[in-house]
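Working notes, structure below.
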Amino acid sequence: MRDSTTAIRPPEPDFSAMTTAELLDYRDAENRFRASGAARTLLGEPHAGAAIDWQEIALPGRDLPVRVYRPTPAGDGEPAVATRLPLVVHVHGGGFVGTAAQCDWTSSHLAARLPALVVSVEHRLLAPGSPLADAADDGWDVLRHVVRNAARWGADPARVAVFGESCGALISALAAIRAREAGLELTAQVLVNPVTDVTDTMLDHPSTTEYAYSPTRALPLLRFFRRLAVPRGADARAVSPLYADDLSGLAPALVVVPTRDGRRPRPPLRRTAARGRHARAALRIPRSTARLPDPARCGTTGRGRPGGDPRVPPHGPGEVTEERMSPALGPDGPPGLPPGRNRPRSASGPTGLGDIDAAVPGTGAQVARARYSDHGIALTAP
């Protein structure tokens, strides 16, 4: 999806009766809007200190577009293209709709202010004949390609993070699992509003019923998303991090979910806090501790449902993500824990976002972070 100057946003369709032709027409129109200058009134202007460009990566059997963000030189004495930059492989949200360009604000701020090389994956969108497994392959293949060719990209292969929103966070989480299996060491994973469950249980959570049609028509959309993501006969558990057989040895993760809708303020979802009380068992870490900051402090970072609005306010998660990724990707490497001490740290930042941190005494830099939502427990553990 290339940038456009102006575009008219299409109305949200009836997902319960959408045909393949209607999906393709809607997706084309919606993505034109998301890549347009008009959308930046919602999404924010890119950081002036980042250069943005489309490139194509030759992958097995296909060429895949990626949107690349690099910090621009700050002074006359700096090289035109920085080298040995930390690498952030980003995946946009949407699932069956969306484009890397919709995340220009966040990705450009990460590139300029970490600083880092950000490679955003324009993955194959979900559609009949293009399931979630294909999109997951795109995320993993881009990560592996850029790391293997780090010198050519000007990246530091020892400082690599994956980052995604909604369905993109799902793809990033799956990439982190595959990285562990392949022996590719990641420094961090940042999962914003992640989908963690595309099995039959995806729609069984109480909040899915409670908020099925208010404030948005979420239930028809989720049903449509799942039908595209997991065709009949496919293994849904294989693309559901919630049901991964083994969560050990993964990169430390920051997982962020909203606890209330920004357009319709209401008390935070109590089930989020209730799930947090089960952090120790869910993280599968013996003798670990977990802490959930006051849910009333947790704001919204946009709509986390697949296909939903990519609306992230310019003072939103980019600040918190940047703040939390800097220690992990900076020259000193990831933050460590003094031996024998348990030092949970809150990821609450200027925007009021919070998370659950769990640390195991005596494990050095092994820190687990988790956040819980009624779409499932979004977690990773060292």
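Among the residues of the range 21-35, count how many are within 13 Å of V97 (Cα to Cα) and loosely packed, with under 12 Cβ neighbours inside 10 Å.
0
Given the criteria surrounded by 24 or more Cβ atoms within 10 Å (Cβ to Cβ) and touching a Gly at 6+ places or on another chain (Cβ under 6 Å), does L126 qualify?
yes
Does V195 fit the bill of being open to solvent by less than 20 Å² (accessible area, probe 1.4 Å), β-branched (V, I, T) and part of a loop (DSSP other than H, G, I, E, B)?
On the way: open to solvent by less than 20 Å² (accessible area, probe 1.4 Å): yes; β-branched (V, I, T): yes; part of a loop (DSSP other than H, G, I, E, B): yes.
It is true that V195 is open to solvent by less than 20 Å² (accessible area, probe 1.4 Å), β-branched (V, I, T) and part of a loop (DSSP other than H, G, I, E, B).
Residue by residue through the range 159-183, note down the ones that are of a type in the set (A, V, I, L, M, F, W, C) and either in contact with a Pro (Cβ under 9 Å, 6 or more places away or on another chain) or modelled with pLDDT under 95 (or both).
V160, A161, C167, A169, L170, A173, L174, A176, I177
Considering T106, T99, which residue is farther than 17 Å from D134 by Cα, within 16 Å of the chain's Cα centre (by Cα), surrounded by 21 or more Cβ atoms within 10 Å (Cβ to Cβ) and modelled with pLDDT of 95 or more?
Result of the check over T106, T99: T106.
What is the residue count in the range 19-49 for residues that are out of contact with any Phe, Trp or Tyr (no Cβ under 8 Å at 6 or more places or on another chain) and in a loop (DSSP other than H, G, I, E, B)?
6
Can you tell me which of (1) closer than 15 Å to R113 by Cβ; (2) surrounded by fewer than 20 Cβ atoms within 10 Å (Cβ to Cβ); (3) not acidic (D, E) is the one R70 doesn't meet?
The failed condition is (2).
Tell me yes or no: at least one residue of the range 219-235 is without any contact (Cβ under 8 Å) to a residue 24 or more places away in the chain, part of a loop (DSSP other than H, G, I, E, B) and closer than 30 Å to V147 by Cβ.
Yes, the range 219-235 has at least one match.
Determine if the range 50-67 includes at least one residue that is in a loop (DSSP other than H, G, I, E, B), over 29 Å from V195 (Cβ atoms) and open to solvent by 10 Å² or more (accessible area, probe 1.4 Å). Steps first, answer last, please.
First pass over the range 50-67, keeping only residues in a loop (DSSP other than H, G, I, E, B): 60-61.
Retained after the next criterion (residues that are over 29 Å from V195 (Cβ atoms)): none.
For the range 50-67, residues in a loop (DSSP other than H, G, I, E, B), over 29 Å from V195 (Cβ atoms) and open to solvent by 10 Å² or more (accessible area, probe 1.4 Å): absent.
The values are calculated or read from the model by the stated rules, or taken from the named source; none is laboratory data. Nothing here was measured: the structure is a model prediction, and the numbers come from that model. Every residue, glycine among them, receives a Cβ derived from its backbone with ideal geometry; neighbour counts consider all protein chains shown. Each accessible area value is taken on the protein alone, full model and side chains, heavy atoms only, with ligands, DNA and RNA left out. Shrake-Rupley method; radii C 1.70, N 1.55, O 1.52, S 1.80 Å.
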